[in-house]
Structures are given as structure tokens and as C-alpha cells.
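Worksheet: one structure, shown below.
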Amino acid sequence: MHKKSLLALSVAVAAAVSLSACAGGSSSSSGDAKTLTLAATTNEKPALDAVVAKFKEQNPGVDVKYTTSALDQYQTTTRTQLSSGTAPDVVFVWPGEGNPMATQVVAKAGYLEDLSNQSWANSFPSGIKPVTQYNGKTYSAAVTFSGIGAVYNMTAMNQAGLTPPTTWSGLLQFCSQAKAKGKTAFELGAQTNWVTQLIPYSLTPTLVYGPNPSFPEDMSNGKATFANSKWSDAMNKYLQMQNAGCFQANPLGTDYNASLAAVAKGNALSVIQVNSAVAAISQQATQGTQLNLLPVPATDNASDTRMAGAAGSTYGVNAHAKNKDLAIKFMNFLESPDGMNLYAQTNKALPAVPNDSFKVDPALATLQQDQKDGKTDAFMDQNWPNARVQQTLFQVVQDLLAGKTDISSALKQMDSAYTQGS
Amino acid sequence: MSSAQSQSLAVAEAAAPASALPRRAQKFSARRIGAVSWWFVVPALAFYFFVVLWPSIEGGAYAFTNWDGLSATKDFVGLAQFQRILTDPAGVGAVVHTLVIAVAITLVQNLVGLLLALGVHTKIKSRNILRVALFTPAVITPVATGYLWKYLMTPDGAINQILGFFGLTWLQHDWLGDSNIALWSIVATVVWQFAGYSMVIFLAGLQGVPEDVLEASTLDGAGPFRRFWYVVRPELAPAITINLMLSIIGGLKLFDQVWVMTSGGPGTSTDTMSTLIYKNAFQFGDFSYGIAMALVLTVFVAILSSAQYKLLGKQGGSK
């Protein structure tokens, strides 16, 4: 072969070989026995900082490398990493099924390690155990118990001379009283799509899942639908709240962060949120601001009121983990009372397995009591058969608030999404 | 022969006019140069093949399967995913929004870019500073621009505050929360960012317009508009073609700003084909359907941009 051609060919082959290496990704990252890798969503960072420090203290020489990212980004990245064999040893997963990174979705695909043999696997309360399992085996470990309710800025409430409502009529009255005082009763950050679901999630335990605990099974068996259930009452009450001026002027132009900031400043008296908002608002509010997470009433009988409460922060071990033993050791630490309580304490949540050594944050006392009294129902999406249902809920609520659809069409869209991935 | 002598001979041979060489030698030389040139292209082609073509082909194949983006198993389903697109109501809305965005951005961005280019193609003293200032938004990442404008467009944000300051309260809006105007707010953001980019391309075209022709037309009594239309515009034809092509492709593929500013909402009022592809592939766990939509978008972009290129080419746009 001509000398020049040979040279050019060598360059081409070298380029091709180096590019092939690039295309293969950096999957050859080392996995020494003393280094654990972990990934979770940004919300989990404060708790992870605390438990990782404690784990390292108890295991000298062990290093834990963890990354956190926003929810959307986390789901996308971690799914890609799992399917390409580059995922970290321990991954944050959602309980149940209705989410692209939910326990049952990832376990079904074969990417989660079976943890059924671990001592804690059978210790979860009955409301949590099923959402950590797939085909009767335990694939994830719930660390916290979370709830959805109205987070009241009690300091601002006291200044306005108002008290949290305990009935539906009282709630509508509370909205007009707050308005008269120049305050927003419930700040709503509906521009952030996942926030849109929280009001139905806080109303349906009282309206749907409490009166009929077998509603998820009825839906799964085709005996019930969203459109022909009390979900329509919940959506109707959502719109009633909007019409009664319970929200600020532009909920669709307000995002999650802005909604929390309004409550922290006292411009709004409360926000319907997950318990993790208590920590986020505390960080922004002036020192000494009192917060309280309470159930949202949906009927005029206060004793009917229930809360959405379910497994919160949950982790699984990558079935192809480079350091499986260390990953399981970390999971055992998370599931120990020390690890679980530290995690829950830092993230302003409750431990997934109630225990006497946990000192509850006063803001979460009602959630803890409802958990003990069995007055909580799992987050609805945990029992939905695919991620499309929840995403459809986000979309139809925004359409409802914008007046672009009606309740019947909205719920029919959710029914359609439910049947698509069943 | 010394090496210096042989070098100077080679240079002389290369510099000699082609006509001075016999016909056979000319053909051989051209073929040889052509063959050598191809070898120079090989590294770039290899790079393009392994980084762009091969992953695209491999990824595109998933559109003919039912892979969910995670499972180890997948089945061949033929054209089933493409058939779903035809019956998906969300898909129709997204196609409409994509077309509206692409047309609006193409028209407004190029009009603004052209006006800016004409404005800074003058002898005003600050023209260089203006050129840099107007081009600067184009070098910011679209995600950063999206966050910036999302912040400015909040109900209590700077835009409404400025409008209020000037007593224009009737113009205050929930720019991203009102489903009737959210799409246009995104268009405005993209135009703000890339009008300077179009301006630079127009400016390059304007600098090629011969001064003597302009002077002659002025002496012949042509006013500014006639001068632009009959002298400047034909010279700008290649710049117009490239600008229209880039902006229509950019508009059809738009994702970053939409995702950051509205995520396709409120409801589905700003969903584009790109956001729908992302949602299906990564949020709904319907990866192969997302890929099928991406392939349709690719074909869509290719057809529209080549039709536009041919149309403008016929009008002398691809000089």
C-alpha cells in the first residue's frame, strides 16, 4: 500500500478505535471494596449528608460517593444508567408502581437486588410492605413515612387571628377570612406540574379511599373508574377552592419554590404540600416561625378527615452493583432505628417503622398520630399501573385551573391513561 | 537531486497552470488529488459515523420494538408505534404548536435580525459595541435563557413590575401561566436570544454589497426602500436562505426553552413534538413510542427544510 494511504488509514483506524471507546461510555469506573456509590433526588440531600456521615463514622475507611439531581433528571439519568450497566450501587426508588423509577417497575426489569433475606424486610407496617415488594419479594427499603397535608404558618395564622379549618365549610370560610386580611389561604405553585396533584391527594383519602379501602383493587379489576367515583367530588372541591379565592391570583404562573417562599414570608397562610416542605419553609422563614402539617378537611364531619400518608424515601440495591456487600450493609444501616430516625429527623419526616426512640417534630405530630390510628391512605400513584396516569393528572389539573376542560373529561383522560399501561 | 531541488520542483509543478500539462497528466493529477483528499476526510467521516450516524441508526431501530427504556427484553412490533402516533390526540396538538412556534420564530427572528443588521451596518460610532451586545444572548445556553425569562415573566416578576411602573397595568399578564399566551412568551424568549445570531449572518451578507452599486443607485434617484429592495435584497439572498433554514430547523426542534419555562404546560398548551418525545420516552416509560415520534420529527424537519431550500434556491437564494 502507498505510504500516504497507509498513514491516512492508520489515522482513520486510530480515530475509529478511540471513538468506539467513547461510544462505550465510562463504564469501567473502578469499584474498590471500600467505596459505595449512591444516587438520589435533590430533596434527599440533607438526610443523605447526615446518614452518610454517620455510616462513614461507623465504618472507618469506607467512602460513600453520592450524587443528587432534580426529580426529572434523576429518573432519566438513572434509568439510562441502569440499562447501560453504569448505575450506582444504591439507587433512590419510589414505592409501588406508578412512576418510571418505582420499585415494581425497576424490579420487574431485573435491576433491583432481592432483599427479602434481610432482617428488616418483614418489619414494615401493612400500608408500606406491599409497595416495597414485587411478586412477593422485597426489593426496596422504605426509610421514611411521608404525608400530604396543609402546612400552616402558625405564626402568621396567629397574627391574622385565624385557626386551621377542620371541616369543608370551615375551609371555605377560612379562605374568605384570609382574603379579608390580605393573605392567601393556600398558596398553590401549580406551574410545577407535580404540585398540581397534591390537592386531590389530600382530599381523596377522605372522599374515596377511606370510605372504600378496596378502591385501588376495584380499579385494577375494572370495577371502578376515576370518572364514576368520588374523584369527581375531589376535583369539584378543587375548583370550588379556586372559585372561593383560596389560592393566589396566578397559581399557574407560580412554581413550587415561589409557593413555599410565600408561606415562609407569611404572605400566604399555608400551602398543601408533602411533609418535606416543612423543612424547606423552615429554612426560609424567620427563626422561631411555627409550622404545622394538618389534614385537609373534605367533608363537614371533622372525624371523617383522613390524610394521604405512605412510604416516602425508599432505596434499592442495584442488582449489578459493583459493591453489593457494602450496598447491603448501607441499607441495613438505613433500616436500623438509628439510621432511620436520623434520616427522618433530618428530612422532617417520620420513620417508616414507628419506634419509641424517634423524637417527632411538633409540626408532624398530627401525621404521626394519624399513622398510629390508621387514618392514612397510600399516595394514589403508588397503586397505579403506569406512569402515564400521574402525568395525565398533572396535565388535566392545569387544564381545569385554566378552564380548558371539565371534570368529566379530565377524569376520562385519567381512565384512558390507566388502561393504557395496565 | 538535492532535497531542496526536489521540493522546489514539486512546488513549481503544483503552481504550474493546469493547461500547461498534457491532458492525460491533468486527469491523473486530478484523480490523484481527489484520492488523497478523500483520505483527509476519513477521520472526520469516521467521527461523524461513530458519534452521529451509528448511534442514530441503532437508536432509530428501537422505534420498531416495544422496549420501555429499561427492560432487558424487547419485541419487534413493526410499524405499531407509528400507527399510535396517528391516533394520539396529544400528538396532533404538539404538531400544531411546533408549526406555530417554527413559523413565528422564523418570521419574527429574521425580521428583527435584518432590522438590527441594517441598523448596525452604518457608520455610527458605537456600532461595534452594539454588534457585540446584540449578539451576546446567542452565546448564552438556551437553558440559562429559559430560567432567566421564566423568572422575569413570573406574575410578580420584572416585566410586570416595569409595566406597572409605566402605568401599563392593562398589559400585565401571567405570561407563562395563561395558556392563551404562554406559547407566545416562549417565542419572544427565543427571538430575544437568537435575533442577534440572524443579525450576524445578515451583516456578513450586507458587507458583500458593493458600495459603488449603492452609490450609483442613489445617484439614479433610488430612495432607501428601493435601494434595499432592488440592490441589497438580491445580494442578501444567500444570507436569507441560511437564516430561514437555521431558524425553521431550530423552531421545529425547540425543546430547552419550552421545557425550562413551562414543561409543555399549562395543560398541554405549549407541548411541542420535542417535549412530547421527552415525556413519552422518559416520563411515561414508553421509550420506543418516543423514538418513533423522534423519527417522524426528523423526517418532518428534513422535508420542510429541503422544500424551503429548493424554493429559495429557485429564487436565487443559494448563490
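Given (1) open to solvent by 40 Å² or more (accessible area, probe 1.4 Å); (2) at pLDDT below 95, identify the lone condition not met by B:Phe194.
(2)
Quick one: would you say B:Val231 is away from chain A (no Cβ under 14 Å) and more than 30 Å from A:Ala417 (Cα to Cα)?
In short, yes.
Collect the residues in region A:55-83 that are within 13 Å of chain B (Cβ to nearest Cβ) and either among the acidic types (Asp, Glu) or within 16 Å of B:Leu70 (Cβ to Cβ) (or both), keeping them in residue-number order.
Within region A:55-83, A:Asp72, A:Tyr74, A:Gln75, A:Thr76, A:Thr77, A:Thr78, A:Arg79, A:Thr80, A:Gln81, A:Leu82, A:Ser83 qualify.
Would you list the helices (runs of 4 or more DSSP H) that sit entirely within region B:1-66 and hold 3 or more residues that are of a type in the set (A, V, I, L, M) and at pLDDT 90 or above?
The helices (runs of 4 or more DSSP H) meeting that bar are B:23-48.
Restricted to region B:270-300, and to residues that are within 13 Å of chain A (Cβ to nearest Cβ) and of a type in the set (Phe, Trp, Tyr), which residue is least open to solvent (accessible area, probe 1.4 Å)?
Among residues in region B:270-300 that are within 13 Å of chain A (Cβ to nearest Cβ) and of a type in the set (Phe, Trp, Tyr), the one least open to solvent (accessible area, probe 1.4 Å) is B:Tyr289.
Each row is one residue, and each column tells you yes or no for (1) more than 14 Å from chain A (Cβ to nearest Cβ); (2) on the phi > 0 side of the Ramachandran plot; (3) loosely packed, with under 12 Cβ neighbours inside 10 Å.
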site: B:Ser126; (1), (2), (3): yes, no, yes
site: B:Ala133; (1), (2), (3): yes, no, no
site: B:Val143; (1), (2), (3): no, no, no
site: B:Trp149; (1), (2), (3): no, no, no
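State whether one or more residues within region A:318-332 are of a type in the set (Phe, Trp, Tyr), out of contact with any strand residue (DSSP E or B) (no Cβ under 7 Å at 6 or more places or on another chain) and open to solvent by less than 20 Å² (accessible area, probe 1.4 Å).
no
Does region B:289-319 hold any residues that are over 18 Å from the mean Cα position of the chain (by Cα) and modelled with pLDDT under 90, and which are they?
Residues satisfying the conditions are B:Lys314, B:Gln315, B:Gly316, B:Lys319.
Taking the condition of being of a type outside the set (D, E, K, R) and in a helix (DSSP H, G or I), how many residues in region B:67-100 meet it?
Counting residues in region B:67-100 that are of a type outside the set (D, E, K, R) and in a helix (DSSP H, G or I) gives 19.
Residue by residue through region B:102-132, note down the ones that are without any contact (Cβ under 8 Å) to a residue 12 or more places away in the chain, in a helix (DSSP H, G or I) and more than 30 Å from A:Leu252 (Cβ to Cβ).
B:Leu111, B:Leu115, B:Gly119, B:Arg127, B:Asn128, B:Ile129, B:Leu130, B:Val132
Just one of (1) within 22 Å of A:Leu293 (Cβ to Cβ); (2) open to solvent by less than 50 Å² (accessible area, probe 1.4 Å); (3) within 21 Å of the chain's Cα centre (by Cα) trips up A:Asn153, so point out which.
The single condition A:Asn153 does not satisfy is (3).
Does region A:233-249 include one or more residues that are modelled with pLDDT under 95, assigned to a loop (DSSP other than H, G, I, E, B) and either among the acidic types (Asp, Glu) or open to solvent by 50 Å² or more (accessible area, probe 1.4 Å) (or both)?
Yes, because at least one residue in region A:233-249 is modelled with pLDDT under 95, assigned to a loop (DSSP other than H, G, I, E, B) and either among the acidic types (Asp, Glu) or open to solvent by 50 Å² or more (accessible area, probe 1.4 Å) (or both).
With (1) open to solvent by less than 20 Å² (accessible area, probe 1.4 Å); (2) in contact (Cβ under 8 Å) with a residue 40 or more places away in the chain; (3) away from chain A (no Cβ under 14 Å); (4) in contact with a helix residue (DSSP H, G or I) (Cβ under 7 Å, 6 or more places away or on another chain) as the list, and B:Gly267 as the residue in question, which single condition is left unmet?
It is condition (3) that B:Gly267 fails.
To keep it simple, each residue is scored yes or no on (1) over 22 Å from A:Lys329 (Cα atoms); (2) assigned by TED's automatic domain parsing to the domain that holds A:Asp325; (3) among the basic types (Lys, Arg).
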residue	(1), (2), (3)
A:Trp94	no, yes, no
A:Glu97	yes, yes, no
A:Val105	yes, yes, no
A:Lys108	yes, yes, yes
A:Leu112	no, yes, no
A:Ser119	no, yes, no
A:Gly127	yes, yes, no
A:Pro130	yes, yes, no
A:Tyr134	no, yes, no
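If B:Phe76 meets every condition in (1) without any contact (Cβ under 8 Å) to a residue 12 or more places away in the chain; (2) more than 30 Å from B:Gly264 (Cβ to Cβ); (3) open to solvent by 50 Å² or more (accessible area, probe 1.4 Å) apart from one, which number is that one?
(1)
Please state which of the following conditions A:Ala352 fails to meet, knowing it meets all the rest: (1) without any contact (Cβ under 8 Å) to a residue 40 or more places away in the chain; (2) open to solvent by less than 20 Å² (accessible area, probe 1.4 Å); (3) of a type outside the set (Val, Ile, Thr).
Exception for A:Ala352: condition (1).
Do we have A:Asp373 as within 14 Å of chain B (Cβ to nearest Cβ), more than 16 Å from the chain's Cα centre (by Cα) and more than 18 Å from A:Asn228 (Cβ to Cβ) here?
No.
In the set A:Asp338, A:Asp304, which member is more than 18 Å from the chain's Cα centre (by Cα), within 23 Å of A:Gln382 (Cβ to Cβ) and open to solvent by 10 Å² or more (accessible area, probe 1.4 Å)?
One residue alone meets the criteria, A:Asp304.
Is it true that A:Gly110 is buried (at least 23 other Cβ atoms within 10 Å of the Cβ) and out of contact with any Phe, Trp or Tyr (no Cβ under 6 Å at 6 or more places or on another chain)?
So A:Gly110 fails the test.
Of these, A:Lys412, A:Lys404, which one is outside any helix (DSSP H, G or I), within 29 Å of B:Gly177 (Cα to Cα), charged (D, E, K, R) and open to solvent by 20 Å² or more (accessible area, probe 1.4 Å)?
Just a single option satisfies the conditions, and that option is A:Lys404.
Would you confirm whether or not region B:53-70 contains a residue that is open to solvent by 80 Å² or more (accessible area, probe 1.4 Å), more than 17 Å from B:Thr272 (Cα to Cα), of a type in the set (Val, Ile, Thr) and at the interface with chain A (Cβ under 10 Å from one of its Cβ atoms)?
So far as region B:53-70 goes, no, none of its residues is open to solvent by 80 Å² or more (accessible area, probe 1.4 Å), more than 17 Å from B:Thr272 (Cα to Cα), of a type in the set (Val, Ile, Thr) and at the interface with chain A (Cβ under 10 Å from one of its Cβ atoms).
Tell me whether region A:126-133 contains one or more residues that are within 14 Å of chain B (Cβ to nearest Cβ) and over 18 Å from the mean Cα position of the chain (by Cα).
The answer is no; no qualifying residue exists.
Considering only region A:359-366, I want to know if a residue exists there that is open to solvent by less than 20 Å² (accessible area, probe 1.4 Å) and closer than 21 Å to A:Asn153 by Cα.
yes
Which members of region B:157-177 meet the condition of being in a loop (DSSP other than H, G, I, E, B) and either more than 8 Å from chain A (Cβ to nearest Cβ) or under 28 Å from the mean Cα position of the chain (by Cα) (or both)?
Scanning region B:157-177 gives B:Gly157, B:Phe166, B:Gly167, B:Leu168, B:Gln172, B:His173, B:Trp175, B:Leu176, B:Gly177.
The values are calculated or read from the model by the stated rules, or taken from the named source; none is laboratory data. All figures in this text were calculated on a predicted structure; none of them were measured in a lab. Don't worry about glycine lacking a Cβ; one is built from the backbone with ideal geometry, like all the others, and counts go over all protein chains shown. Just so you know, the surface numbers come from the protein's heavy atoms only, side chains and all, with ligands and any DNA or RNA stripped out. Shrake-Rupley method; radii C 1.70, N 1.55, O 1.52, S 1.80 Å.
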